[in-house]
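**Q** Pasting a structure here, questions to come.
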Amino acid sequence: MEEKGFLGKNILGSGFNHHIKIFVGAGAYICGEETALLESMEGKKGFTRLKPPYPATEGLFSCPTVINNVETLSNIPIIFELGAEKYSKIGTPKSTGTRLISISGIVKKPGVYEVEQGKITLREIIFKLAGGIKEEFHFAGVIPGGISAPVLLPDEIDIPYDFESISEKGSMAGSGAIIVIGFKENPETELFEILKRGIKFFKDESCGKCTPCREGTWALYDVMEKISNKEIRKKEGLRIIKKISAKMKGLCACPLGESCALITEVFLKKYKNFFKI
């Protein structure tokens, strides 16, 4: 773009100068949190910052900084092309436009699909776009917006896929990463392993800055491991897990630890008949 005069000094003879610099991160999940991202860009470890001050006041190198998701920026060309009024009619008043969603798990046609927000239900995404559930699996639920989103049961998915509708169900559309879960033969064991894998992810990706997240995610996974290894009875272990999750909520420095606690609580509550807590 600089070679063609669209970026850099004196853009297209306008006298306006603008440069774009691309930073390549180290791939840490925590750097999806805006202040940890700023720390990484400054050459530091990806720790979250206490807020306030907020990035718009004091961000990159202590300068006011605007942070947008790539998904947000990618909508700008189509808004210019259609015009704001026409674009605002796509989707719903609060969830405008389309979204790229990725669907994975036990569906027949996993992949990336573009959907108009609010005009297609979560059930239609799973059973029409993604081809439904693989024959060897029993459908148990869906994580509608990435691993940080609480699970929804099969009887909770007849809702429009948009931010507000999913929020009203106690979950979130999040990143648009839809994970469809289920089991083949033993729901108690297989659903347990799904939760354990989710907790391990948060444990591995915790930056370690705050004690509730650093110690809490480790403790949750440690108890899950002890249950798997039959070092502790499942019923007793799951009760401990519920207590640890409750202690983590509201005390973490960023949403990572909070999300781990929340998805654990919701998972155990919604599948309590399988886990027999």
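**Q** Tell me which residues, restricted to segment 235-277, are open to solvent by 20 Å² or more (accessible area, probe 1.4 Å), under 17 Å from residue 151 (Cα atoms) and of a type in the set (Val, Ile, Thr).
**A** Residue satisfying the conditions is 266 alone.
**Q** Go over the candidates 113, 87 one by one and state the one that is on the phi < 0 side of the Ramachandran plot, surrounded by 14 or more Cβ atoms within 10 Å (Cβ to Cβ) and touching a strand residue (DSSP E or B) at 6+ places or on another chain (Cβ under 6 Å).
**A** Among 113, 87, only 113 is on the phi < 0 side of the Ramachandran plot, surrounded by 14 or more Cβ atoms within 10 Å (Cβ to Cβ) and touching a strand residue (DSSP E or B) at 6+ places or on another chain (Cβ under 6 Å).
**Q** If you don't mind, another one. Open to solvent by 60 Å² or more (accessible area, probe 1.4 Å), closer than 22 Å to residue 118 by Cβ and touching a residue at least 40 places away in the same chain (Cβ under 8 Å), is that true of residue 94?
**A** It is true that residue 94 is open to solvent by 60 Å² or more (accessible area, probe 1.4 Å), closer than 22 Å to residue 118 by Cβ and touching a residue at least 40 places away in the same chain (Cβ under 8 Å).
**Q** Can you tell me which residue in segment 219-234 is surrounded by the most Cβ atoms within 10 Å (Cβ to Cβ), limited to those that are part of a helix (DSSP H, G or I) and either among the acidic types (Asp, Glu) or within 20 Å of the chain's Cα centre (by Cα) (or both)?
**A** Among those that are part of a helix (DSSP H, G or I) and either among the acidic types (Asp, Glu) or within 20 Å of the chain's Cα centre (by Cα) (or both), it is 220.
**Q** I'd like the full set of residues that are open to solvent by 50 Å² or more (accessible area, probe 1.4 Å) and small (Gly, Ala, Ser), limited to segment 1-56.
**A** Selection gives 13, 14, 15, 25, 26, 27, 32, 43, 56.
**Q** I'd like the full set of residues that are closer than 27 Å to residue 46 by Cβ and open to solvent by less than 30 Å² (accessible area, probe 1.4 Å), limited to segment 180-209.
**A** 195, 196, 198, 199, 202, 206, 207, 208
**Q** Scan segment 132-175 residue by residue and report those that are among the charged types (D, E, K, R) and either part of a helix (DSSP H, G or I) or open to solvent by 50 Å² or more (accessible area, probe 1.4 Å) (or both).
**A** 134, 135, 136, 155, 156, 158, 164, 168, 169
The values are calculated or read from the model by the stated rules, or taken from the named source; none is laboratory data. As the structure is a computational prediction, the values presented were derived from the model and not from experiment. So basically every Cβ, Gly included, is an ideal-geometry build from the backbone, and we count neighbours across all protein chains shown. The protein model used for the area step is the full one, side chains on, heavy atoms only, and it has no ligands, DNA or RNA in it. Shrake-Rupley method; radii C 1.70, N 1.55, O 1.52, S 1.80 Å.
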